[in-house]
Amino acid sequence: MNRTTHVLRALAAALALALTASPALAQDKVKIGLMLPYTGTFAALGNAITNGFKLAIAEQGGKLGGRDIEYVTVDDESEPAKAPGSVEAVKPGSEPKVPSVTVVDRVEEAGAAVSIDDARVIVAGGRGVGGEAGFELVQQIADLLGGAVGATRAAVDSGWIPYAQQIGQTGKIVKPRLYLALGISGAIQHKVGMQTAETIIAINRDPDAPIAEFADMLVIGDLFEVGKALVQQLESRG
């Protein structure tokens, strides 16, 4: 018995087992499609495999899972075209028309904020800033210092400032000469993004905030009171 016969018998047995075990395949008749070369160069091979498979089925009692069998054979060796095809150029009757577009509104994007990637000075705000309006003070201080505005993940997640300004483990890693932190507790997620700054100054009303452990200077007080006083000092120096 050659290997092909073994394979055909195993296939017939597997089909019989599947049909017997699967209620979803419960039908009176099983239709089996055989796509093999029945004409041309490999016709003998196609017929031999088909006959071998039918013989293997016969050894199963002529049925699969107790169901009658209907064979459908398809010759997969199609004949080549008698003549090569041709390409026919067809010119459309009229030029396609592009539908008109009506502009209903124009929205100008606000100017891009100063990038924090290479900024020498970064003024960053955290949850303590309190909201989008609080970042106006952060921006004002940054402008006076010629720096960029940064933020913690909490501020970004709250929608107060764009993600491009986020500093920390899930944001950007920065290394400015001066990092001024307003209302930032100093959680480890934010610390990894700014701890390599040359000088870190924090303004926070909580003397036990984690940022106190690694800041070069901690100003304990209300960030808005201290921040506005800082603005006055910077403006007075022109």
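Just so you know, all these numbers are worked out from the coordinates, no wet-lab data involved. Computed from a predicted structure; not experimentally measured. Please note: Cβ atoms are built from the backbone with ideal geometry, for glycine as well, and neighbour counts cover all protein chains shown.
For the reader, a short list of remarks on this structure follows.
- Global form of the range 170-229, assessed from the alpha-carbon gyration tensor, a/c cut-off 1.5: prolate
- Relative contact order %, the range 121-236, counting alpha carbon pairs below 8 Å whose residues are six or more apart: 24
- Ranked E198, E88, criterion: other C-beta atoms within 10 Å, fewest first: E88, E198
- Label-point gap, in nm, between V90 and R177 - each point 7 angstrom along Cα→Cβ: 7.2
- The slack between E235 and T196, meaning 0.36 nm per residue of separation minus the straight C-alpha distance, is 11.2 nm.
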